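Colleague: One structure, pasted below without further comment.
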Amino acid sequence: MNTKDVDDFFAMDKTPEPPPEIEESPAPIVEPPPKRNGYKKQTVLPDLSFDSGLPAAVDAEKTLLGSVMLDNQALKEISSTINSEDFSLDSHRRIFHRMMELYEAGGAVDIVTLSNELAKNKEIDSIGGVAYLASLTEGLPRRPVIDEYIRICADKSLLRKMMLICSATIARAADQSEGAPEILAEMQTKLVELNDRIRLISLRKNPEPFFVGFRTFLASAPDNTEWTVEGLIQKEGNGLILGDSGTSKSLLVFDLALHLVAGVSWFHHRIPQRKKVGLVSREDAPGLSQSRLKRLREGAPEYLSMFLEGLDLEDWLYVHTRTQRETWTLQNEADIQEIIEAIKERGIQICFFDVFRVLWHGNENDNQETAFVLDAAKRIGRESNCQVCIVHHLSKSDRGTIFDRARGGGINGWKEWGMGLTVENPDAAPKDKIRKIEFHTKSACENDPIYYRLDGEDTTLTLSEVEPPTPQYNFRQSKKGKKEPEADRIPF
C-alpha cells in the first residue's frame, strides 16, 4: 500500500469526527388543518442533527493502543474483535493500522519501531508526533485488563454505523428518486450485517453455548465439593463476614488469613491446600492493622507457628492499607484495574475487603447503588480468578438470623458463604468476652457455632476456642404481675 492509497483509506483527523454531512436535509412535514371527514393526524418527522458528534470513547481507544505498547500480545486479543475502522479518530486508526503491519511482519511494536513506521509513511505528524505515542501508556498498569475497553470501542463503532445508515436512508427517502421497497431492502441488509457483528462480539464475551445437554452437564460435575476451608468456605464462592462494631471482625479475618497461607486447620476445619491471601484493610489505621497482625503472628499456637516458620510470608500474605493509597474505592475504574492487575501478578487466590462501607461513597440503603458496587467486586474476582470476601457491619435490627441483619440494602444477595460474629457476654471484662461465629454455606449442612476468646499479653494475641456459655435463668416481672424466667448468658 503506497502513501496515496493510505490517504484514500483514512479520513481527515478530527476529535471526535463528525458524521458525513447531509447536503440537503428534508424539511419537516407540516400538518394540514384537521378535516371534518375524520382526517388522521400525521406524525411529524424529527429534525435530525449531529451537532454533538458521533458516539466515541477516545480514552478507551487510547487505553487499547497503550496496552499494545506495553504488551504486544494484547494486539491479538484486540484484533479478534475490532479493526482499525472501529476507532473514532483518524490518528488512532493510523496508529492501529501500523501496529498490525508490524505485528503481522513479526516485528516488535514499541515507541521506536512504531514512530519509525509512521515516519516512513509520512504519518507521524498527522497523529500528533512521538510525544502523543508516548502519552498512550501514561497511567496504565503494566498489564492492563482490556476486555471492557474492547467492548466499549466495539459498541461505539456499532452506534456510529447505525447512525450513518439511518442518516443515509433518510437522505435517500427525502430525495424521492427511489422507491420505498428498494431503500428499505438496502437498509435492512446493512442492519443485518451489524446484527451479525453484534452476535460475534457477544460470542467472544460468552464463548460457551447458552444451553448444554443433560449428559454433558453431568459429565463435568465434580465428585465432591471443593473447599477452601472444609465445611465452611467452598472454593470460588463469594463470601460475607458480618459483625457489630467492637466484635473484632478484622482480627478474625487476620487469623483466618494466617491459617490459609499455612494450610493449617482453622477451628478444627481442615484447609485442604494453602492459599495466597490478600488483605485490603481500609477501616483501621495502618498502624493498628500492623500491630494486630504482628501480635497474632507472635501469639500463633505451636501447630500454626511451625508451618508459618517454613514459609516466606512475603510471598504468601499481601496487605493493602491507607499507607499504600490514601484513597481507593470500588467505584473508581482505575482503582479496580489496579487491584485486578495486582492480584493476577501475585497469584492471590482469596482476597478480603475490610470493610465494605469505606470502600465506596454513596447511599448503602439504595439497592441499585449497592448492586453496582457489588458488581465491581464480582468483576475483580472474575477477571483475576480470585475468591472475594467482603467484611460488613450489622444493622441495629434484631429480627431474623444474623445473616438477615446485614446493614443496607441488597448486600445479602452477594453471599455464597458467610460468617456472622457476635459477642455473647458484652458486659464482661474485655479479657473474658466470648465471641460466637455462626456459619452459612450453600454447599454443606448447617455447622455448629464456634465460640472463642481473645487471649494473650500486650505483645501476643491468640484466638482460643472455648465452650459455649451456660445459660442462667433470672426472673423478671411480667405485665400481669407474674414472674417469668429470662434466659441470660453468664460470663465464661
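The values are calculated or read from the model by the stated rules, or taken from the named source; none is laboratory data. Since the structure is predicted, the reported quantities are computational estimates derived from the model, not experimental observations. Reconstructed Cβ throughout: ideal geometry from the backbone, glycine too, with neighbour counts over all protein chains shown.
Colleague: Look at segment 343-356 and say how many of its residues are surrounded by fewer than 17 Cβ atoms within 10 Å (Cβ to Cβ) and outside any loop (DSSP other than H, G, I, E, B).
Modeller: The number of residues fulfilling the criteria is 3.
Colleague: Right, something else. Looking only at segment 399-414, filter to residues that are assigned to a loop (DSSP other than H, G, I, E, B) and modelled with pLDDT of 80 or more; which one of those is nearest to Q368 (Cα to Cα)?
Modeller: Going through the qualifying residues, I end up with G408.
Colleague: Sticking with this one: Checking the structure you have, find out if any residue of segment 293-305 is among the aliphatic types (A, V, I, L, M), out of contact with any Leu (no Cβ under 7 Å at 6 or more places or on another chain) and either in the same structural domain as L394 (by TED's automatic domain parsing) or in contact (Cβ under 8 Å) with a residue 12 or more places away in the chain (or both). Give the derivation first.
Modeller: Let us first name the residues in segment 293-305 that are among the aliphatic types (A, V, I, L, M), namely 293, 296, 300, 304.
From what's left, out of contact with any Leu (no Cβ under 7 Å at 6 or more places or on another chain): 293.
With either in the same structural domain as L394 (by TED's automatic domain parsing) or in contact (Cβ under 8 Å) with a residue 12 or more places away in the chain (or both) added as a condition, the list becomes 293.
Checked segment 293-305: at least one residue is among the aliphatic types (A, V, I, L, M), out of contact with any Leu (no Cβ under 7 Å at 6 or more places or on another chain) and either in the same structural domain as L394 (by TED's automatic domain parsing) or in contact (Cβ under 8 Å) with a residue 12 or more places away in the chain (or both).
Colleague: Take the conditions outside the structural domain of K431 (by TED's automatic domain parsing), over 30 Å from T329 (Cα atoms) and part of a loop (DSSP other than H, G, I, E, B) and apply them to A221. Does it pass?
Modeller: Numbers: outside the structural domain of K431 (by TED's automatic domain parsing): yes; over 30 Å from T329 (Cα atoms): yes; part of a loop (DSSP other than H, G, I, E, B): yes.
For A221, the condition - outside the structural domain of K431 (by TED's automatic domain parsing), over 30 Å from T329 (Cα atoms) and part of a loop (DSSP other than H, G, I, E, B) - is met.
Colleague: Also: Name the single residue that is farthest from the chain's Cα centre (by Cα) among those in segment 416-439 being basic (K, R) and closer than 15 Å to K249 by Cβ. Give the steps one after another, and end with the answer.
Modeller: Step one: list which residues in segment 416-439 are basic (K, R), which gives 431, 433, 435-436.
If we keep only those that are closer than 15 Å to K249 by Cβ as well, we get 433, 435-436.
Numbers: K433: 38, R435: 33, K436: 32 Å.
Selected residue: K433.
Colleague: Quick one: F254 ticks every box in (1) modelled with pLDDT under 95; (2) under 30 Å from S397 (Cβ atoms) bar one, so which box is it?
Modeller: Looking at each condition in turn, F254 falls short on (1).
Colleague: Further question on the same structure: So for segment 422-441 (the condition being assigned to a loop (DSSP other than H, G, I, E, B), at pLDDT 90 or above and within 30 Å of N363 (Cα to Cα)), does at least one residue qualify?
Modeller: Within segment 422-441, none of the residues are assigned to a loop (DSSP other than H, G, I, E, B), at pLDDT 90 or above and within 30 Å of N363 (Cα to Cα).
Colleague: Now a separate question. Exactly one condition in (1) in contact with a Pro (Cβ under 9 Å, 6 or more places away or on another chain); (2) not in a strand (DSSP E or B) is not met by E364; state its number.
Modeller: With respect to (1) in contact with a Pro (Cβ under 9 Å, 6 or more places away or on another chain); (2) not in a strand (DSSP E or B), E364 is out only on (1).
Colleague: On the given criteria, is A105 surrounded by 20 or more Cβ atoms within 10 Å (Cβ to Cβ) and modelled with pLDDT under 95?
Modeller: No, not satisfied.
Colleague: Related question: Here is a check on your reading of the model: is I82 modelled with pLDDT under 95 and either surrounded by 15 or more Cβ atoms within 10 Å (Cβ to Cβ) or hydrophobic (A, V, I, L, M, F, W, C) (or both)?
Modeller: Values: modelled with pLDDT under 95: yes; either surrounded by 15 or more Cβ atoms within 10 Å (Cβ to Cβ) or hydrophobic (A, V, I, L, M, F, W, C) (or both): yes.
It is true that I82 is modelled with pLDDT under 95 and either surrounded by 15 or more Cβ atoms within 10 Å (Cβ to Cβ) or hydrophobic (A, V, I, L, M, F, W, C) (or both).
Colleague: Hey, can you tell me all the residues within segment 127-145 that are over 29 Å from the mean Cα position of the chain (by Cα) and assigned to a loop (DSSP other than H, G, I, E, B)?
Modeller: Result: I127, G128.
Colleague: Please find, within segment 311-332, the residue that is modelled with the lowest pLDDT out of those that are surrounded by 11 or more Cβ atoms within 10 Å (Cβ to Cβ) and farther than 18 Å from R282 by Cα.
Modeller: The selected residue is L311.
Residues are listed down the side, and each one gets a yes or a no for (1) modelled with pLDDT under 95; (2) within 24 Å of E138 (Cβ to Cβ); (3) part of a helix (DSSP H, G or I); (4) in contact with a helix residue (DSSP H, G or I) (Cβ under 7 Å, 6 or more places away or on another chain):
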| site | (1), (2), (3), (4) |
| --- | --- |
| P34 | yes, no, no, no |
| N37 | yes, no, no, no |
| F50 | yes, no, no, no |
| A60 | yes, yes, yes, yes |
| L75 | yes, yes, yes, yes |
| I78 | yes, yes, yes, yes |
| S88 | yes, yes, no, yes |
| H92 | no, yes, yes, yes |
| M99 | no, yes, yes, yes |
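Colleague: Tell me yes or no: at least one residue of segment 399-407 is touching a helix residue (DSSP H, G or I) at 6+ places or on another chain (Cβ under 6 Å) and surrounded by fewer than 15 Cβ atoms within 10 Å (Cβ to Cβ).
Modeller: no
Okay, residues lined up against (1) closer than 27 Å to K344 by Cα; (2) surrounded by 15 or more Cβ atoms within 10 Å (Cβ to Cβ); (3) touching a helix residue (DSSP H, G or I) at 6+ places or on another chain (Cβ under 8 Å); (4) not acidic (D, E):
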{"position": "I111", "(1), (2), (3), (4)": "yes, no, yes, yes"}
{"position": "I127", "(1), (2), (3), (4)": "no, yes, yes, yes"}
{"position": "G139", "(1), (2), (3), (4)": "yes, no, yes, yes"}
{"position": "R160", "(1), (2), (3), (4)": "no, yes, no, yes"}
{"position": "A168", "(1), (2), (3), (4)": "no, yes, no, yes"}
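Colleague: So which residues in segment 158-195 are free of Cβ contacts under 8 Å to residues at least 40 places away in the same chain and of a type in the set (S, T, N, Q)?
Modeller: Scanning segment 158-195 gives T169, Q176, S177, Q188, T189, N195.
Colleague: Within segment 109-120, does at least one residue satisfy the condition of being among the aliphatic types (A, V, I, L, M), outside any loop (DSSP other than H, G, I, E, B), over 30 Å from I380 (Cα atoms) and under 32 Å from the mean Cα position of the chain (by Cα)? Before you say what the answer is, go through the steps one by one.
Modeller: Filtering segment 109-120 down to residues among the aliphatic types (A, V, I, L, M) leaves 109, 111-112, 114, 118-119.
Filter once more, keeping what is outside any loop (DSSP other than H, G, I, E, B): 111-112, 114, 118-119.
Going one step further and asking which of them are over 30 Å from I380 (Cα atoms), we end up with 111-112, 114, 118-119.
From what's left, under 32 Å from the mean Cα position of the chain (by Cα): 111.
Taking every residue of segment 109-120 in turn, at least one turns out to be among the aliphatic types (A, V, I, L, M), outside any loop (DSSP other than H, G, I, E, B), over 30 Å from I380 (Cα atoms) and under 32 Å from the mean Cα position of the chain (by Cα).
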